[in-house]
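Okay, so here's the structure we're looking at.
The values are calculated or read from the model by the stated rules, or taken from the named source; none is laboratory data. A quick note: this is a predicted structure, and the numbers were derived from the prediction, not measured. Every residue, glycine among them, receives a Cβ derived from its backbone with ideal geometry; neighbour counts consider all protein chains shown. Just so you know, the surface numbers come from the protein's heavy atoms only, side chains and all, with ligands and any DNA or RNA stripped out. Shrake-Rupley method; radii C 1.70, N 1.55, O 1.52, S 1.80 Å.
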Amino acid sequence: MWELIKSFFQQLFGSSDPIIEDASDLEEEPVIISEEQPSEAEMAERMRSRGLSKSGTRSIVVGEVIDADGDGGSENTVTISNPRFFWLLDNGHGELQNGKRSPFFDDGTRFEEWEFNRDVVRKMIPQLEQAGVQFKNLVPENKVGSFLSERVGRANAAKSELGLPRIFVSIHANALGMNEWRNGAKGIETWHYPGNTTGEKLASVFQDEIMKALPGWVDRGIKSHQRGSRKIFYVLRNTAMPAVLTENGFYTDENEAALLMKDEIRQAIANAHVNAILKVEQDGYDNIPVYKPRMIIG
């Protein structure tokens, strides 16, 4: 409650503390102060299970179709008879929010993050319903702006009819700057609140499933800011439950932005989020190994 009151007065009167919505608000590549990379054995097993080359990558071009029902897809065969958690789906940003859009392509089109985030959540919903997962779409509206404090307020006020513990999942695409193509910064990363063990395990399962779904994409690992940072993402700082924020590719990289506009890529990302949720519903999160790369950001 205090953080919400504090945020209200910050927005009303201004503050020296920045309000950071997601990784794109960091503007430049953040400084890594601690980093753990997977061991050779871990990488070998990961490459084997994902069908990757020794380098750990394969090229993906704009015209390529990824099978959304393959290893990274959800086959809708799981039924949750005794739900464990109440999943709060945050499709960050709104149509009226400034920025959060790619530069224009040559044909005059552009990637708009609010639309991408909502499309991924929209593709998740029928799968979650079919599986029997308990969830809430926090922001079904389009005609909103940042809606930042309201999104957090809705999450904190949401109650499961079954009395289930809540988990917050915020779905985004990433950017480096906004006004020009910044080709080269690309890939997948998942953020959690610093020092939160549950958040770290949840971030691990989401990162793992998204990388399975998009095996040729750059693996940027799981990330958190250092404790006490002024730049901890607002939704991670202010939600009153374990929370993760997924960054699904960069729309300021021209090739990756074009991929993120393709329906099959979005379906693969949606399926990966569903698979992560189903894994936690079936097995809990206590035994999830911490994902590597794992980074703490200054």
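So the values come out like this:
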read-out	value
Contact order relative to length of the chain, as percent, for alpha carbon pairs under 8 angstrom and 6 or more apart	30
Using a Förster distance of 30 Å, the FRET efficiency for Arg154-Thr77 (Cβ separation, nearest 0.05)	0.40
Per residue accessible area in Å² of segment 187-298, where ligands, DNA and RNA are left out and the probe is 1.4 Å	28
Ser49 paired with Asp263, simple spin-label distance in nm, labels 7 Å along Cα-to-beta-carbon	3.1
Of [x] 53, 49, 37; [y] 49, 44, 34; [z] 59, 46, 32, the label for Cα extents along the principal axes in Å derived from the coordinates	[x]
Added length on full extension, which subtracts the Cα-Cα distance from 0.36 nm per residue, Glu27 to Glu129	33.0 nm
R0 of 41 Å, Cβ-Cβ distance Glu180-Glu36: FRET efficiency to nearest 0.05	0.80
Summed residue charge, Cβ within 15 Å of Glu27's Cβ, Lys/Arg positive, Asp/Glu negative	-3
In sequence order, calculated HN-Hα J values of segment 248-261 (Karplus, 6.51, -1.76, 1.60; Hz; x Gly/Pro)	9, x, 10, 8, 9, 9, 4, 5, 5, 4, 5, 5, 5, 8
With every protein chain in place, the chain: carbon and sulfur % of accessible area (1.4 Å)	49
Qualifying trypsin sites (Lys or Arg not before Pro) in segment 96-177, DSSP loop, other Cβ atoms within 10 Å at most 14	Arg110, Lys143, Lys159
10 Å Cβ shell holding at most 14 others, DSSP loop, chymotrypsin sites (Phe, Trp or Tyr not before Pro): longest site-free stretch of the chain	106-298
Helix runs (DSSP H) in the chain reaching 20 Å along axis by Cα, Kyte-Doolittle at least -0.5	197-213, 263-283
